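The values are calculated or read from the model by the stated rules, or taken from the named source; none is laboratory data. This is a predicted model, so every value here is computed, not measured. Counting neighbours? That spans all protein chains shown, and the Cβs are built from the backbone with ideal geometry, glycine included.
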Amino acid sequence: MQITTTDFDEHINGQYIPVSYSYRMSFDKIYTPSTTFFTLDTSILDGVDVLAPLGNEPIQQWDKYSYLPYTDRVNWLEWSREIEFPYSVSSAMADIELENTDGYFTPNSLSPISSYILPKRPLRILAGFNDTNLPQFVGITEKMPTVDDDSRTATFHALDFLSEMYTMPITETISMQNARTDEVLAKIFTQFGLLPSEYTLDQGYNIIPFVFYDPDTNAGGIFRDLMQAEMGNLWIDDTGIIRFNNRYATPQTAVYQLTESNTLSIKTINQDNIINTVKINADIRELQPFGIVGSISNNTESPIIIEPNSTKVVNLSLSNPCTTITQPTLGLSSTTSWFTSIKTSDSTPITSNVTITGDSIKTNTYTMFFSNTNAFRVTIDAIEAWGTAAKKIDSIEYKEVSQPSIDKFGEKVLSITNNFIQSTDQCDALALPILASYSEYANQVEAEIMVNPALQLNDTISLNVNSYTGNYKIIKIVNKLRSAHFQQILTCVSTLTVNWFILDQSLLDGTDVLGI
């Protein structure tokens, strides 16, 4: 839940709610590195300085665009946040309809911003009460606007910055050993040009023996695997801060209470999503001692021939992913990587002027760049690459059920394949909370409430509305704002108040639940 003031809280709980909001965009994407937080009596109203959140948060890269106000153009706003089950990766999106009678938002027009009406335009949404607005959404437009000449409107669809990152490929090989979840995340964020000051990461509890991803691998898939195995949560919050929370950081006490006085409607939903059986499969790999990881010998069917004074790319197949491979040198060796070459015309051994000028490792391939500076054709006769390989030594085939739920609803299976899960304890830590939250009827509810813009995903709230009682976790928030009417709909899942067992903190044989 966002930090709020006493006055703000009085409006949340009051009978009259003076709704306010702000919408800003950066069509020209002018970037101002010197941007600071807004300072009373110093900063220019509606200038480049950013309105500071109530928490002590740093300026982010997306804060530094030059945003201009377009609140007076807004017909309606809708923005939502949702946890992508069962990965604990959160995404947010927004749709905005702007008044466009004068064609201001029409591409290829006489509009003064015509040349800037393009995809990937940064925007911000804030909402609150009595001009005290809390950050709600920071992101970029996905496509060109949809312009409706009949209604004279322009509609934009936007994703938050992290959702955009999910669609992007990593640019460099990731190869790590015994890496925590947060360390892998930091590695990816660094590739995307983010500085450590631009994200906040809890220390992960899941230690992954071997992590290997090739360039061009979708970052979203890596994020999902990491969060699923950690049972943590990754999201960009309402203020624009990228955050990772490990499993122990999940709020356990209710931050807000829903009662009949502040709940407009409530109903049970998603009964087709009952889960009473969890199956988990994973390969367990172990790093092997330094040794031979791949070889080519006397390749007469497909000879590797390098023309005089030229180069050639050679790919060597690997039986297992490798963390390191020593670059081969010319000449036989019994302790490290090597290759041999012969003169193509008469098979005379060649002992000079053939070198490897570069190499790269991918999951199943080791690529070498050979150079031949001789005045004749050379054939690479044999290659033996030495390195450290991550060999599959075992596999996990795990199953956990809620038999009472199966007896009532039939078997409803969730199957998970995730090689970041490396023990049955990890499987328990993932499966048991899922069964606790999704195996019974009425475990998920949808409630339209009196608006509280401070609520956030993963907040624990208590319900005391009609027959709904107990603690629930917010897994989706939908906000709709049209004129002065602000509608907020929460999707929540029943949650148990669980304290996870933490080494050196929890009491042995106490009430804390063993995770990993």
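How many residues, within the range 142-170, are more than 29 Å from P18 (Cα to Cα), of a type in the set (S, T, Y) and more than 16 Å from the chain's Cα centre (by Cα)? Working first, answer last.
Taking the range 142-170 as the starting set, the residues that turn out to be more than 29 Å from P18 (Cα to Cα) are 142-150, 161-170.
Then drop every residue that is not of a type in the set (S, T, Y), which leaves 146, 163, 166-167.
Subset that is more than 16 Å from the chain's Cα centre (by Cα): 146.
Qualifying residue count, the range 142-170: 1.
Residue-wise test of (1) at positive phi; (2) exposed (fewer than 13 other Cβ atoms within 10 Å of the Cβ); (3) touching a Leu at 6+ places or on another chain (Cβ under 6 Å).
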| position | (1), (2), (3) |
| --- | --- |
| W338 | no, no, yes |
| I342 | no, no, no |
| S352 | no, yes, no |
| T357 | no, yes, no |
| N372 | no, no, no |
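Kindly list, by first and then second residue, each pair from a residue in the range 58-69 that is surrounded by 18 or more Cβ atoms within 10 Å (Cβ to Cβ) to a residue that is modelled with pLDDT of 70 or more and of a type in the set (V, I, T), limited to pairs with Cβ atoms under 7 Å and residues at least 6 apart or on different chains. Note: pairs meeting the criteria are Q60/I241; W62/V138; Y65/I30. Cβ-Cβ distances below 9 Å connect the following pairs, each with a first residue in the range 85-105 that is closer than 17 Å to I474 by Cα, a second residue that is in a loop (DSSP other than H, G, I, E, B) and among the aliphatic types (A, V, I, L, M), and a separation of six or more residues or different chains: P86/I275; S88/M231; S90/L457; A92/L457.
Scanning the range 261-320 for residues that are outside the structural domain of S437 (by TED's automatic domain parsing), in a loop (DSSP other than H, G, I, E, B) and more than 30 Å from D394 (Cβ to Cβ) gives N298, N299, T300, E301, S302, P303, E307, P308, N309. In the set L287, L316, only one residue is in contact with a strand residue (DSSP E or B) (Cβ under 8 Å, 6 or more places away or on another chain), under 30 Å from S345 (Cα atoms), touching a residue at least 40 places away in the same chain (Cβ under 8 Å) and surrounded by 13 or more Cβ atoms within 10 Å (Cβ to Cβ); that residue is L316.
Every condition in (1) under 28 Å from the mean Cα position of the chain (by Cα); (2) without any contact (Cβ under 8 Å) to a residue 40 or more places away in the chain; (3) surrounded by fewer than 21 Cβ atoms within 10 Å (Cβ to Cβ) holds for I416 except the one numbered (2). Tell me, please, whether a residue that is at pLDDT 85 or above and either in contact with a Cys (Cβ under 8 Å, 6 or more places away or on another chain) or of a type in the set (D, E) (or both) can be found in the range 481-495. For the range 481-495, residues at pLDDT 85 or above and either in contact with a Cys (Cβ under 8 Å, 6 or more places away or on another chain) or of a type in the set (D, E) (or both): absent. Taken over the range 285-325, the criterion of being modelled with pLDDT of 95 or more and among the hydroxyl-bearing types (S, T, Y) is satisfied by S310, T311. Look at K362 and say whether it is of a type in the set (K, R), more than 29 Å from T388 (Cβ to Cβ) and either touching a residue at least 12 places away in the same chain (Cβ under 8 Å) or assigned by TED's automatic domain parsing to the domain that holds G387 (or both). Here the answer is no, as K362 does not meet what is asked. In the range 301-312 there is no residue matching the filter, namely being surrounded by 16 or more Cβ atoms within 10 Å (Cβ to Cβ) and under 30 Å from T424 (Cβ atoms). Inspect the range 193-201 for any residue being among the hydroxyl-bearing types (S, T, Y) and surrounded by 23 or more Cβ atoms within 10 Å (Cβ to Cβ) and give the result as yes or no. No: zero hits. Would you please name the residue that is farthest from S80 (Cα to Cα), looking only at residues in the range 456-474 that are in contact with a strand residue (DSSP E or B) (Cβ under 9 Å, 6 or more places away or on another chain) and not in a strand (DSSP E or B)? Once the filter is applied, the top-ranked residue is N466.
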